[in-house]
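The values are calculated or read from the model by the stated rules, or taken from the named source; none is laboratory data. Here the structure is a predicted model, which means the values were calculated and not measured. Note that we place each Cβ from the backbone using ideal geometry, even for glycine, and neighbour counts take in every protein chain shown.
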Amino acid sequence: MKQNTQKQRRQNRTRGKVHGTQKRPRLTVFRSNNHMYAQLIDDQKHATLLGISDKTVATEKVAGKTNTAKQLGIQLAKKALEKKIKKVVFDRGSYAYHGRVKAIAEGAREGGLEL
C-alpha cells in the first residue's frame, strides 16, 4: 500500500470522529520536516477561524523544534482567547500524539485553551 494511501486512511479515521463547530472549533495540526502549522476550523461553515505557523514563533529565538511547537501552541491559545474561543477539539490528523504534535497540544493547554 502506498504511503499517501495509508496516511489518508489514518487521517480519515481521526477526522471521522472529530468535528468542529463555531463554539468549539477543531484545532488541526500540520507538521512538515521544517515547520509546524495550526488552524482553528469551523466545519459547519467550512471556515478557518484562525491560522498560525512556527515562522512567527521563530523570531523569538526558541531552540529546538519541540520547544518551538510548544510556543506555537501558547501563541495560538492567546489569539484564540482574544477571539473568545476557550474550548477546542484537537485533531492530530495522521500524526501520532507524540513529539511536536503533543507539544502544540500542551502549549495550547498552557495558554488557556480547553482541549
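Which residue out of His35, His46, His98 is on the phi > 0 side of the Ramachandran plot and either among the β-branched types (Val, Ile, Thr) or free of Cβ contacts under 8 Å to residues at least 24 places away in the same chain (or both)?
After applying the criteria, what remains is His46.
Restricting to the range 70-90, name every residue that is free of Cβ contacts under 8 Å to residues at least 12 places away in the same chain and part of a helix (DSSP H, G or I).
The answer is Glu82, and nothing else.
Of the residues in the range 91-115, how many are under 23 Å from Gln3 (Cα atoms) and in a helix (DSSP H, G or I)?
Of the residues in the range 91-115, 3 are under 23 Å from Gln3 (Cα atoms) and in a helix (DSSP H, G or I).
Can you find, within the range 50-99, the residue that is farthest from Gln22 (Cα to Cα) among those that are exposed (fewer than 12 other Cβ atoms within 10 Å of the Cβ) and among the hydrophobic types (A, V, I, L, M, F, W, C)?
Taking the candidates together, the pick is Ala63.
Asn67 fails exactly one of the following numbered conditions: (1) in a helix (DSSP H, G or I); (2) touching a helix residue (DSSP H, G or I) at 6+ places or on another chain (Cβ under 7 Å); (3) without any contact (Cβ under 8 Å) to a residue 40 or more places away in the chain. What is the number of that condition?
(2)
Give the range 3-38 a look and list any residue that's of a type outside the set (D, E, K, R), in a loop (DSSP other than H, G, I, E, B) and either at pLDDT 85 or above or within 20 Å of Ile74 (Cβ to Cβ) (or both), or say none.
The answer is Pro25, Ser32, Asn33, Asn34, His35.
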